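What follows is one structure encoded as structure tokens, with my remarks underneath.
The values are calculated or read from the model by the stated rules, or taken from the named source; none is laboratory data. In this text, all values refer to a predicted model and were calculated from it rather than measured experimentally. Here the Cβ is made from the backbone with ideal geometry for all residues, glycine too, and neighbour counts use every protein chain on show.
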Amino acid sequence: MSFAELGLNQALLNAVSREGYTTPTPIQQRAIPVVLEGHDLLAAAQTGTGKTAGFTLPMLHKLASVPLPAKRYPRALVLTPTRELAAQVAESIATYGKDLPLKSTVIFGGVGHQPQIDALRRGVDIIIATPGRLLEHINDRICDLSKLEFFVLDEADRMLDMGFIHDIKRVLKVLPAKRQNLLFSATFSDEIRTLAKTFLHAPREIDIAPRNSTIETVSQKVTYVEQRHKRELLSYLMRQGDWQQVLVFARMKHGANRICDYLNEVGLPAAALHGNKSQSARTKALADFKAKKIRALVATDIAARGIDIDQLPHVINFELPNVPEDYVHRIGRTGRAGNDGEALSFCAPDERAFLRDIQRLIKREIPVLTVQGFVPSAAADKPEPPRPPRPPQGGRGRQGGGQGRSESRGGGGGGRSSAPAAAGRGDSWNRPASPQPASAAARPAERRNGGQPARAESSGGGFAPGTGRGNLPAHQAKPSGGGRPGGSGRPGQHRSGPRGGR
Ligand code: AMP
């Protein structure tokens, strides 16, 4: 099937051909006719399937198919959970609608109000927005949605996860009764179906990906590694495979900062992307990553939601998510639009329960990759006996990635987040027999080498495991000089800081 067969106008056909799209993706083949026919739509499609064009193209077609009003007013609204996704959808709309006389604007928080107010006052046809700032403009009577024709809720599952349900309901209240509604979600949970019933009218249903299945083009692997060795493993893999673009997922913001600091310190340019960063820092991090000015983007789940980078080859789950659905979203960052991608999860002994939950959700076992030299010792694999709480340890600090294990989404201390906090007790774990991960002493030499390992040995690239000490870069094989990996007192290791959310 071709785009022309779908009945899209010539301006849109030119746009998709400029983008190099030759064939509509399955979601596009099914969603475009439904939207063009004017039906409401409930679509389960994971990110990376081409869903944005699936709703944008027919929406633009319909908006442009009637004479445009002299004074522009919002005719279409796309609500997204994150600023990044809003910016990306806006970019797609600008790209596909380049030859159409439609105006769009993007509205989200963290940036000045005035440019948005000016744009809304000048008049726009399409608004792409996150809920909070949009509601401010609605309440200030800057934004009037009473004549809206299209309402699109993108990544609705994540909207609910992020607690936007009340904001969504507030927005729905100011929309006209007659409009076309489209709801996209990675999965159809019971909550999504309940939400769908509140505003979709006789929707057509499309389920492109079977529920909770992970994208077929992503090769998934898990490697067992002690928490305190994860950073060294990451830098090792990045060098061994010469990875130029890696998206690294951390569970917590401060953990993301620490990983990022470490990578920069060892000469692997990286930036962090999370909710504590200013909007301009987030935009810059993403732009630098896309432009390959940095090799790693270290992100939390929510900040990374919706990131669209063509041909992103590697995703690393530095920590396994404690919410198994997040795993599906994370690995969906790679293997997009039919490209192959690799997703590797670092699983510390105390994360096995998370791994089990993920495998149960995706209904398959993730193959294990063994990276010699980073295999946890048998003792580390055994669950720890409960210990009485220890007093704070002056100056020692957390180990390795140092991620807080007791924090979980929503701040609840119970549930699965109560896994033993083994990562913070490095002394009860056996270190790998060999090699020792990079020591602080090894780093200056590494920096002098322009960030390259002192001895470039290849195991054939990719994830191919080495054969022990001899196969590792020199900095990996050096004795650690008595320093504890990830121990205290290193530059760039912020030990405390508020235990923020994601
Ligand atoms: P999405 O699922 O909307 O985030 O899209 C994922 C990626 O697929 C984006 O980078 C799009 O540019 C790309 N894409 C969308 N439609 C097509 C198509 N028909 N052929 C090739 N690539 C596409």
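Tally time: how many residues in region 103-147 are closer than 17 Å to Thr80 by Cα, touching a strand residue (DSSP E or B) at 6+ places or on another chain (Cβ under 7 Å) and among the aliphatic types (A, V, I, L, M)?
Number of matching residues: 8.
State whether one or more residues within region 352-373 are crowded, with 21+ Cβ neighbours inside 10 Å, outside the structural domain of Ala45 (by TED's automatic domain parsing) and modelled with pLDDT under 85.
Yes, there is a match, as at least one residue in region 352-373 is crowded, with 21+ Cβ neighbours inside 10 Å, outside the structural domain of Ala45 (by TED's automatic domain parsing) and modelled with pLDDT under 85.
If Ala4 satisfies all but one of (1) at pLDDT 95 or above; (2) away from the ligand (no atom under 12 Å from the Cβ); (3) aliphatic (A, V, I, L, M), what's the number of the condition it fails?
(1)
Yes/no matrix, rows are residues, columns are (1) part of a loop (DSSP other than H, G, I, E, B); (2) among the small types (Gly, Ala, Ser); (3) within 24 Å of Thr283 (Cα to Cα):
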{"residue": "Val106", "(1), (2), (3)": "no, no, yes"}
{"residue": "Gly110", "(1), (2), (3)": "yes, yes, yes"}
{"residue": "Ala119", "(1), (2), (3)": "no, yes, yes"}
{"residue": "Arg133", "(1), (2), (3)": "no, no, yes"}
{"residue": "Glu136", "(1), (2), (3)": "no, no, yes"}
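If you scan region 7-55, which residues turn out to be over 21 Å from Phe188 (Cα atoms), surrounded by 18 or more Cβ atoms within 10 Å (Cβ to Cβ) and in contact (Cβ under 8 Å) with a residue 40 or more places away in the chain?
Residues satisfying the conditions are Leu8, Leu12, Ala15, Val16.
Do we find that Lys62 is assigned to a loop (DSSP other than H, G, I, E, B), in the same structural domain as Ile93 (by TED's automatic domain parsing) and either surrounded by 18 or more Cβ atoms within 10 Å (Cβ to Cβ) or in contact (Cβ under 8 Å) with a residue 40 or more places away in the chain (or both) in this structure? Even if it seems obvious, please write down each step before you answer.
Numbers: assigned to a loop (DSSP other than H, G, I, E, B): no; in the same structural domain as Ile93 (by TED's automatic domain parsing): yes; either surrounded by 18 or more Cβ atoms within 10 Å (Cβ to Cβ) or in contact (Cβ under 8 Å) with a residue 40 or more places away in the chain (or both): yes.
Against the criterion (assigned to a loop (DSSP other than H, G, I, E, B), in the same structural domain as Ile93 (by TED's automatic domain parsing) and either surrounded by 18 or more Cβ atoms within 10 Å (Cβ to Cβ) or in contact (Cβ under 8 Å) with a residue 40 or more places away in the chain (or both)), Lys62 does not qualify.
Which of the residues that make up region 27-50 are at negative phi and within 13 Å of the ligand (Cβ to nearest atom)?
Residues of region 27-50 at negative phi: 27-37, 39-47, 49.
Those that are at negative phi and within 13 Å of the ligand (Cβ to nearest atom): Ile27, Gln28, Gln29, Arg30, Ala31, Ile32, Ala43, Ala44, Ala45, Gln46, Thr47, Thr49.
Considering each residue of region 158-170, count those that are out of contact with any Lys or Arg (no Cβ under 9 Å at 6 or more places or on another chain) and surrounded by fewer than 22 Cβ atoms within 10 Å (Cβ to Cβ), and give that number. Break it down into steps so the answer makes sense when it comes.
In the first step, residues of region 158-170 are kept if they are out of contact with any Lys or Arg (no Cβ under 9 Å at 6 or more places or on another chain); the result is 159-160, 163, 165-170.
Remaining after also requiring surrounded by fewer than 22 Cβ atoms within 10 Å (Cβ to Cβ): 160, 163, 165-170.
Adding up the residues that qualify gives 8.
From the list Gly112, Gly132, Gly123, pick out the single residue that is farther than 22 Å from Asp40 by Cβ and free of Cβ contacts under 8 Å to residues at least 24 places away in the same chain. Show your work before the answer.
Numbers: Gly132 fails: free of Cβ contacts under 8 Å to residues at least 24 places away in the same chain; Gly123 fails: free of Cβ contacts under 8 Å to residues at least 24 places away in the same chain.
Going through Gly112, Gly132, Gly123 in turn, just one is farther than 22 Å from Asp40 by Cβ and free of Cβ contacts under 8 Å to residues at least 24 places away in the same chain: Gly112.
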